[in-house]
Amino acid sequence: MQFLRYFIFIISIAVSLQAEAYPKIFSSLGSPLYKASQQLKNFSDNKRLEKVIKRYQKDANKSLSYGLHINKSVEKKSKLVYLKELRHLQKEYDYLIHLLHLEIQKSIQKDDYSSFLALTSYELPTLLAPRALREQAIGFYKKHKDEGKSKLLETFLKEKKLLVSSSQEFFNQTKSSQLSSHAVQKSSRKDVYATTKKHRNSVDIFFTNTNLYDVTLEVKAKYKNIKAESDKGRVFVLKAKSTTKYARLYFTASGASYTFSYRWIIGSKDAQADRSYIYRLPYVVGESHMVSQGFNGKSTHKGHSQYAVDFKMNVGTKVYAARSGIVVKTKDDSDKRGFSEAFAKYGNYVTILHNDGTFGTYYHLKKGGVLVSVGEKVERGSALGYSGNTGYTSGPHLHFAVFKALESLKTKSIPVKFISAKGIVTNPKKGTYYKAK
């Protein structure tokens, strides 16, 4: 027992010393800069950066010492002096990162993988922050990673996979097809398809959408000896349950031919989300559930799912519509689950089209747990199904998100507001319980 008390005492001292490692005053600005000073030791072998790094480390140590000295001071003048030093240190750091960016680009241009690896194997804030440089570095790394691994680049690759898989969970996928004058038109038709109506010296091209929802359609055409007339753009909205004439093609010489490659995604790019709408929490009134992941969650709420909310709940908890609309998609035939992108397609769900053209998705439902049918109109507060633990998941919960289509043929989630027993919730916080009203 005495040894245990002594051990706890030593641990408490260690924690206390760690807490005092950086000044508490202006900690959000200073602490990352001091931490970077330690991390920069990994780059000090670079002759072009050696002097700049040493100067930064010297200034960082000086600033840290001064910050610790005035940490508990109430003198305004001392605080302002320290803030000025931190701002100067930030400029030094930004310049150093700029030099590192140049060095990384040089190593890629010269196909010098050993130098590239030395520059990108260590974590440093904003080292690969510019998107263009990060994509360039990832591409270069993929070509050469058999020659040596970078922990930092491996992390980026995993994050990229996560973004793709989390995006694919909720219909951020396009479907595609083709229509050609050289191919025999098949009788089988997809939910969106192209048809023709031939005339003596011309042909009309039509697109049909059989879905209950609008789709955003992109068309790429190739012509030979044809003059085309169309009032549609390359990307346009094809309304639900409709057929529209896309173009009339005139044959200008013998050997005329055409090919249309087209792809589409759920929803209208022109939909204007009603940001003033206040959603109901998707469970029974009076019941409370904890948010296990909110907006911009570190686990999977990135990319398309940026504004999704995860509510922790036991399998079999009844799920209710947060907003009225039409049921347009459902799935409840799966009992597979796992925490990797390979399981994303196995999640059960209900998707509802709202009157502003956005969609609400209720995901991870149990097998056989859907209570509504495609085409059914549901009111706010209607029972939709039962929560589960299917698809890309690490445990039982309900994933709720509202999304819309973009012109780029992707979808994005939209920040939503909920009404709770304690008022309006604009940013659901991880670890907080919210009671449905």
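Read-outs throughout are calculated quantities, based only on the coordinates presented, and are distinct from any laboratory measurement. Please read all numbers here as calculations on a predicted model, not as lab measurements. Positions of Cβ are backbone-derived with ideal geometry, glycine not excepted, and every protein chain shown enters the neighbour counts.
At a Förster distance of 41 Å, what's the computed FRET efficiency of residue 76 paired with residue 339, Cβ-Cβ distance as r, to 0.05?
0.20
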- [ ] Give a residue-ordered list of calculated ³J(HN,Hα) values for the stretch 82-88 (Karplus: 6.51 cos²θ - 1.76 cosθ + 1.60, θ = phi - 60°; whole Hz; x for Gly, Pro).
- [x] 5, 4, 4, 5, 5, 5, 5
Open item on the list: Charges on Cβ only, +1 for Lys and Arg, -1 for Asp and Glu, centred on the Cα centroid of the stretch 278-435; of 346, 399, 316, which one is farthest towards the dipole's positive end?
Closed with: 399
- [ ] May I ask which of 197/404; 241/329; 158/336; 224/410; 190/220; 72/429 have a Cα-Cα span longer than 24 Å here?
- [x] 197/404; 224/410; 72/429
Task: Given 16 as the ceiling on other Cβ atoms within 10 Å, longest exposed-site-free region of the chain for GluC sites (Glu not before Pro) in DSSP loops - done: 124-286
- [ ] With label points built 7 Å along Cα→Cβ from the Cα atoms of residue 270 and residue 61, find their separation and express it in nm.
- [x] 6.6 nm
Task: Per residue convex hull volume, Cα atoms of the stretch 337-406, in Å³ - done: 98 Å³
Task: Partner aspartates and glutamates for residue 58 [C-alpha distance under 14 Å; skip if fewer than 8 residues away on the same chain] - done: 50, 85, 92
Task: Of 51/149; 151/430; 47/106; 175/412, pairs whose Cα-Cα distance is over 19 Å - done: 51/149; 151/430
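Charges only on Cβ, +1 for Lys and Arg, -1 for Asp and Glu: so what's the dipole of the chain about the Cα centre, in debye to the nearest 20?
Magnitude of the dipole: close to 460 debye.
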Task: All aspartates and glutamates inside 16 Å of residue 367 as judged from Cα atoms, apart from same-chain residues fewer than 8 positions distant - done: 332, 333, 335
Task: Interchain or long-range residues, amide H under 5 Å from residue 430's placed H - done: 294
Task: Hits among aspartates and glutamates - C-alpha to C-alpha of residue 417 under 12 Å, sequence gap 8 or more where chains match - done: 274
Open item on the list: Can you compute the radius of gyration and Dmax for the stretch 278-435, using only the Cα atoms, both in Å?
Closed with: 14.2, 41
TODO: Pop a pseudo-label 7 angstrom from the Cα along the beta-carbon direction at both residue 112 and residue 427 and give the gap in nm to one decimal.
DONE: 4.4 nm
- [ ] Would you mind getting me the FRET efficiency between residue 177 and residue 231? Use the beta-carbon distance for r and R0 = 22 Å, nearest 0.05.
- [x] 0.50
Task: Additional length obtainable on full extension of the chain from residue 145 to residue 376, 0.36 nm per residue less Cα span - done: 78.0 nm
Task: Residue among 282, 195, 42 farthest towards the positive dipole end of the chain, charges placed on Cβ - done: 195
Open item on the list: How large is log10 of I(q)/I(0) for the chain at q = 0.11 Å⁻¹ when the intensity is taken from the Debye formula with one equal scatterer per alpha-carbon?
Closed with: -1.06
